[in-house]
Amino acid sequence: MRHFLKDVKHRIVVVEQTGEGLFNRAKLLNAGFSLYRDANAYFCFHDVDMLPESALCDYSYPVAPTHLSAYCSQFGYQYDPYCFGGVLLVNKKDFRSVNGFSNQYWGWGAEDDDLRKRFDLTRTIIRTRRMGRYRSIERLAFGHPRAHENVKRSGNPHYQKNCLRLGSGEGLPYDPKTDGLSDLKFELLKTVTGDGFVRHLVRL
């Protein structure tokens, strides 16, 4: 990452969830934003299993929410206009305008698509993408949230609930104005500074 960030003043921040409860990636990213909300900075929300492959992976300032990993190995480098996950650049104003990520996506899947939906609903923030390619480190997963056949195959109730929430399923309404940065709660347990990075351990 240092090679790709050599022309960008940056800080690598790892926000890690403690405990044995369900993982909540979106809430962790909200927590990371909250910890640095007063910094003179823009933000890159970066999955740890996505590695840039070329100089076209451009981490410079985003004038609009920018999807960096639109072309990645796990999808055969095929562009999907609905995909908004993996690596995302966003400035503070745009992120705050949609109240950040939803805090309600527990377990795997759909939180990135929810953020895309939030930006699209504003009708004033134009999403964009850059042409970089990313290699996805292999991991155990049962598919992608937009692959609806996997909802039936997986039998994972948390995944199914996330997909229902994304689609505003019956019984799972939420308001982006009240679900996100505005109602975020977490406890910072420990901060460790390493060689070129900062690690925050949090309880959600």
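Computed quantities for the displayed model
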{"read-out": "Within the stretch 78-95, backbone nitrogen closer than 12 Å to the virtual label 7 Å beyond the Cα of L56 toward Cβ", "value": "78-79"}
{"read-out": "Charged-residue dipole, Cβ positions (Lys, Arg, Asp, Glu), the stretch 12-203 about Cα centre, Debye nearest 20", "value": "280 debye"}
{"read-out": "Around L56: net Lys/Arg minus Asp/Glu count, Cβ-Cβ under 9 Å", "value": "0"}
{"read-out": "Sum of side-chain charges, R96 neighbourhood, beta-carbon under 13 Å (Lys, Arg +1; Asp, Glu -1)", "value": "+3"}
{"read-out": "Difference of contour (0.36 nm per residue) and Cα-Cα distance, S97 to K177", "value": "27.9 nm"}
{"read-out": "In Hz, Karplus ³J(HN,Hα) per residue of the stretch 49-58 (6.51, -1.76, 1.60; θ = phi - 60°; x = Gly, Pro)", "value": "9, 10, 10, x, 10, 8, 5, 6, 7, 9"}
{"read-out": "Interatomic Cα distance distribution for the stretch 12-203, bins of 10 angstrom, percent", "value": "8, 35, 40, 16, 1"}
{"read-out": "Packing-based ranking, highest mean first, of 11-21, 190-200, 68-78 given that Cβ atoms within 10 Å are counted", "value": "68-78, 11-21, 190-200"}
{"read-out": "All lysines inside 21 Å of K9 as judged from Cα atoms, apart from same-chain residues fewer than 8 positions distant", "value": "K92, K93"}
{"read-out": "Estimated inter-spin distance, D38 and I12, nm [label 7 Å along Cα→Cβ]", "value": "2.7 nm"}
{"read-out": "Charge tally in the Cβ shell below 11 Å around V202, where Lys, Arg are +1 and Asp, Glu are -1, V202 excluded", "value": "+3"}
{"read-out": "Whole-number percent relative contact order across the chain, with pairs defined as alpha carbons under 8 Å at least 6 apart", "value": "30 percent"}
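No value in this document is a laboratory result; all are computed from the given coordinates. No experiment lies behind these values; they were computed from the predicted model shown. Glycine also receives a Cβ, built like all others from the backbone with ideal geometry; neighbour counts cover every protein chain displayed.
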